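This report concerns only the one structure given below.
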Amino acid sequence: MIDMSVEIAGVRFKNPVLTASGTFASGREYSEFFDLSRLGGVVVKGVSARPWEGNPPPRVAEVYGGMLNSVGLQNGGAERFLRDDLPFLRKFDTRVVVNICGHTIEEYAEVTKQLQNSDIDMLELNISCPNVSEGGMAFGTDPSMTARVVEAVAKAADKPLIVKLSPNVTDITEIARAAAGAGASALSLINTLLGMAIDAKTRRPVLANGYGGLSGPAVKPVALRMVHQTARAIDLPIIGMGGIMTGLDAAEFLLAGARAVAVGTAGFNNPTAAADVISGLENYMEESGFKTIPEIKMIYN
Amino acid sequence: MESIVGLVITIQLQCDVVSNTEIALDIFDMTLDAPEIARVAHAGQFLHIFNDSPDMLLPRPISICAIDAESGRLRVVFRAKGAGTRLISRKTRLRALGPLGNGYDTSSMSKKILIVGGGLGVPPLLELSRRVAEPQVFLGFRDEASMILQNDFTEAETATDDGSFGFCGNAVDLARRKARDFDLIVACGPKPLLRAVAGFADEKGVPALVSVEERMACGIGACVGCVIKTKSGYRKVCVDGPVFRADEVVWDD
C-alpha cells in the first residue's frame, strides 16, 4: 500500500501534488474536468487586500517549451475571495492555500489580517511576481526586504506561512535564508523567470507589458537546480515547481529535495494535468518500490 | 465532506479529422468527428485545438463554423498562420477542448438581424446565419483570392478591399449602403471592422454583438490571460466572451 501523504509545517496533505498559484484560479473552472478532492491542495490565485485590475493585454505569449505571462495579479480582493471562492473550495476534501500579494508591506499585512480566522489551511506569500511595478518581485530579490515583509506577514498570520521565491536572483539560498529567519514555515519555488518575446515582423514586444514571467517545461532545469540548492542550504520544507507536466517530473522535484510539488502551466495544455501528475507519481512509486514520499531520495556517488 | 464534479459542459476529446480542404491560400476547412462537443455547442462558441507537440504547449482557439449535432460533426475554418496552426492543418486526428465561450443566444434574438463578417471572422457567423430567420449578411475580404464561405450562406453580399470582387470597400461600408431595416447587428472580424460596426450600430441606435480575439492560454477562465478592456474593467474573452456587446467594449486602445 502506497502512502502519498506529506506534512508541511504541521499541515497534512493527502498527496504531495498542489496547484500552482495563478494557474488554477480558485479551482472552480477545473472542477469540471476532475474531482478537486484528488488534489493534495489547491493554491489559489494571488489575493490582495483590495481588487487589482491587472495589466493591459496581450498578457500571454507562447514561447518554445513554455509561455510568458504578464497578467499582473488581477483579482477581486480578499473580501470577494472569502465570499465567493472559499465556500466553493471547501466542498472538496483538499487543503486550501491562499496566495497573498501586495504593493507595500502594509498591504501584505492588511490582506493577511483579512484572512485571519478564515477556514484556510496555509498562506503563501507572493514576493516573486515579476509583473507588478511595486511590491511583488521587488521584495523577493532583496534579502533585507524579504525579511521585513515576511516578518510583518508572519506576525499577522494565524496559519503557517509559505514564502514563494523568485528565481530572478543571483543566489536563491540567500533569499531563502532571509525568509526562514523572518518566520517562514515553508518555501515554494520557483516563481516565473522574467523573460521577453518580440515579434520580428511587427518589431514590437508581444506582451503589452514588454516583459513577462516564463513558465512551462522550458524552466524545469532551472527550477530543479534551485530546489536542490535551497534544500541543501535551508532546513524548511519546500514545495517545488517549474514545468511539471508528468508524474516523473514531479518525482524529479522530490528527488531534488522538495517535500511537495505544484503543477501550473501544464493545466493549460491539459485541464486534468494535476490529477494526471498524481496518478503518474503513484505509478512511479509503485515501479520504484517506494511506499512513502520521504523515501524518494537521490543517489549520490 | 462531499466530492463534487461540476456540471460537465466542456469536454476534452480526441477526434478524427473527417475531411480537410485548403479552400484559399493557407485557409483550411476541416470537419471533425466530435459528437460530445457537437451535441452541446452553440453558434459563436469556439474550440481549443492542441498540437500535442512538446515545444508548443498552448492550444489554438478556433471558432466553430458549423455544428451538426445529429452526425456529431463540427466544422472549423482557420488560417494556418504560424507553426502551431500549420501543424493542426496537417493532422488526421487531434485533441480538442470545447465548446468554449459564451456564443450567441439565438433563442432570445430578435427577428431582423444584420450579420457583418470580415475575413477569418466569417466562419462563426455561418452557424449563426442558419439559426436565425432571414438574416441580411454582408461579408468582406481583402481580395477575391481570400474569399471564403460566401457560397455557404443562403444569401450574402460580398465586398473586397481592392474591389477585385463585388463591392469595393469593407463589409460595414457595404452594409451602410445596402442594409434594409434591422434591429441587431452581429459581427466578427478584425478589430478595425468591429470598431466600425460599433460606430454604425451607435448611429442607427441598435445594439451590436461583436466576437473578439485575444491571445489566450487556458480557455476556461482560470488564467485571466485573454482579457479585453470593457467599460466594466478587464473581462475574459474565453468565458465572458468571445461575444460582447459592442457598446461595452473600450475601443480606443
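Data for the structure
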read-out	value
Residue range of chain B that is longest and free of GluC sites (Glu not before Pro) which are both DSSP loop and sparsely packed (at most 15 other C-beta within 10 Å)	B:156-253
Debye log10 I(q)/I(0) for the stretch A:147-257, one point scatterer per Cα, at q = 0.22 Å⁻¹	-1.11
Around residue B:27: net Lys/Arg minus Asp/Glu count, Cβ-Cβ under 10 Å	-1
Cα long-axis angle, helix B:191-204 against chain B (0 to 90 degrees, to the nearest 10)	50
Student exercise, chain B dipole from Lys, Arg, Asp, Glu Cβ charges, in Debye to nearest 20	260
For A:204-214, mean number of other protein chain Cβ atoms within 10 Å	0
Footprinting exposure proxy for A:4, B:147 (fewest neighbouring C-beta atoms within 10 Å first)	A:4, B:147
Ordering of B:184-193, B:87-96, B:105-114 by burial proxy (mean other Cβ atoms within 10 Å per residue, highest first)	B:184-193, B:87-96, B:105-114
Neighbour net charge for residue B:95 - beta-carbon separation under 15 angstrom, K R +1, D E -1	-1
For the stretch B:44-176: rounded, prolate or oblate by the Cα gyration tensor [a/c cutoff 1.5]	oblate
Charged-residue dipole, Cβ positions (Lys, Arg, Asp, Glu), the protein assembly as shown about Cα centre, Debye nearest 20	360
Cβ-based exposure ranking for B:250, B:122, in which fewest neighbours within 10 Å come first	B:250, B:122
Kirkwood hydrodynamic radius over Cα pairs of chain A, then Stokes diffusion coefficient at 10 °C and 1.306 mPa s, in µm²/s	84
DSSP loop trypsin sites (Lys or Arg not before Pro) with at most 12 other Cβ within 10 Å: longest gap in chain A	A:1-200
For chain A, with +1 on Lys and Arg beta carbons and -1 on Asp and Glu, the positive-most of A:94, A:52, A:265 along the dipole	A:52
Cβ neighbours within 10 Å from other chains - mean over B:160-169	0
Shielding of B:93-100 by partner chains, average beta-carbon count, 10 Å	1
Local electrostatic count, residue B:86, Cβ distance below 15 Å [Lys/Arg +1, Asp/Glu -1]	0
Neighbour cut-off at most 15 other Cβ (10 Å), DSSP loop, GluC sites (Glu not before Pro), the stretch A:33-79	A:53
Subset of A:155/A:297; B:91/B:236; A:45/A:113; A:45/B:229; A:14/A:91 violating a 24 Å alpha-carbon distance limit	A:155/A:297; B:91/B:236
Coordinate range along principal axes, alpha carbons of the stretch B:106-248, Å, largest first	43, 32, 26
Ranking of B:42, B:48 by count of other Cβ atoms within 10 Å, fewest first	B:42, B:48
Size of electric dipole in the stretch B:137-220: Cβ of Lys, Arg +1 and of Asp, Glu -1, about Cα centre, debye, nearest 20	200
Listed residues B:97, B:156, A:194: farthest to the positive end of the dipole of the protein assembly as shown (Cβ charges)	A:194
Residue among A:16, A:175, B:226 farthest towards the positive dipole end of the protein assembly as shown, charges placed on Cβ	A:175
Karplus 3J(HN,Hα) series, Hz, for the stretch B:157-168 with 6.51 cos²θ - 1.76 cosθ + 1.60 (x for Gly, Pro)	9, 10, 10, 10, 4, 9, x, 6, 8, x, 5, 8
Structure-based [θ]222 nm, the protein assembly as shown - -39500 (n - 2.57) summed over DSSP H runs of at least 4, per residue, nearest 500	-7000 deg cm²/dmol
Cleavage-rule hits, chymotrypsin sites (Phe, Trp or Tyr not before Pro), the stretch A:223-301, DSSP coil, Cβ neighbours within 10 Å at most 11	A:300
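Here, each number is a calculation from the coordinates, and none is a lab measurement. Remember, it's a predicted structure, so these values are computed and weren't measured experimentally. All Cβ positions, even for glycine, are placed from backbone atoms using ideal geometry, and neighbour counts span all protein chains on display.
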